[in-house]
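Comments concern the structure below.
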Amino acid sequence: MMVVAQATNGREAVDLWRKHRPTVALMDLRMPVLDGVAAIDEIRQEDESAQIVVLTTYDSDNDIYRAIKAGTKGYLLKDARREELLDCIRKVSRGTTCIPNEMMEKLITGFQREPLTEREIEVLQLVAAGKSNKEIGLKLFISESTVKGHLHNLFSKLSVLSRTEAISVATRQGLIQA
């Protein structure tokens, strides 16, 4: 195996992929300029056969789902053993997928919980930004009682009891970025 290029952001990763057309590209999820999922999307739109392995520190069910939906063929955490990484690269280069069982279990668990609506995620993002119910209502053009209803629903879906806990769980699950 030979490393042909190394990017510092998602845009550069796409440009370097175009220039070198590697057999397998390793991609992080959270990068400046263009995130990993958007970079994977762009590469796969140009070449559906592009073989990409996500190598990241993020393992929420939402992160895994987004990467797979974009077209990644492998998903590993950065703390994976060297042999595991090399094995994954080899598998993906042969056209098979490489997603560890624990990642698949997280993905399945995520599918089993009721997803937050777009509006609930908007409310949660504003809560994370430190906005009060009144400020959220004004920003979204909804009443304060509607905001409370959305909070009640998302607390239930996330199995949390407070705004702080909701932000923490949603951030861990990749639903919002704090």
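Checked against the criteria, Y58 counts as in contact (Cβ under 8 Å) with a residue 40 or more places away in the chain and either in contact with a Phe, Trp or Tyr (Cβ under 6 Å, 6 or more places away or on another chain) or not aliphatic (A, V, I, L, M) (or both).
For first residues located in segment 62-79 and acidic (D, E), partners that are surrounded by fewer than 23 Cβ atoms within 10 Å (Cβ to Cβ) and lie 6+ apart or on another chain with Cβ distances below 8 Å form the pairs D63/T56; D63/G174; D79/T57.
Only one of the numbered conditions (1) under 26 Å from N153 (Cβ atoms); (2) in contact with an Asp or Glu (Cβ under 9 Å, 6 or more places away or on another chain) is violated by Y75, and that is (1). Close Cβ contacts (under 8 Å, 6 or more residues apart or on different chains) running from residues in segment 1-29 that are of a type in the set (S, T, Y) to residues that are surrounded by fewer than 15 Cβ atoms within 10 Å (Cβ to Cβ) and assigned to a loop (DSSP other than H, G, I, E, B) comprise T8/P32. As a summary of the residue check, G174 satisfies the conditions (1) outside any helix (DSSP H, G or I); (2) at pLDDT 95 or above; (3) not acidic (D, E) except for the one numbered (2). Selection of segment 125-171 for residues being among the polar types (S, T, N, Q), closer than 30 Å to L29 by Cβ and assigned to a helix (DSSP H, G or I) yields Q125, N153, S156, T164, S168, T171. For S60, are the conditions met, namely being under 27 Å from K157 (Cα atoms) and of a type in the set (G, A, S)? Spelling it out, S60 is indeed under 27 Å from K157 (Cα atoms) and of a type in the set (G, A, S). Here the helices (runs of 4 or more DSSP H) wholly within segment 39-120 that include at least 1 residues being buried (at least 18 other Cβ atoms within 10 Å of the Cβ) and at pLDDT 85 or above are 61-70, 82-93. Scanning segment 73-98 for residues that are under 16 Å from A25 (Cβ atoms), of a type in the set (A, V, I, L, M) and within 15 Å of the chain's Cα centre (by Cα) yields a single hit, L76.
In the set E105, E135, only one residue is assigned by TED's automatic domain parsing to the domain that holds E46, over 30 Å from D47 (Cβ atoms) and acidic (D, E); that residue is E105.
The values are calculated or read from the model by the stated rules, or taken from the named source; none is laboratory data. Predicted model only: the values in this text are computed from it and were never measured. Quick reminder, even Gly has a Cβ in these numbers, built from the backbone with ideal geometry, and neighbours come from all protein chains shown.
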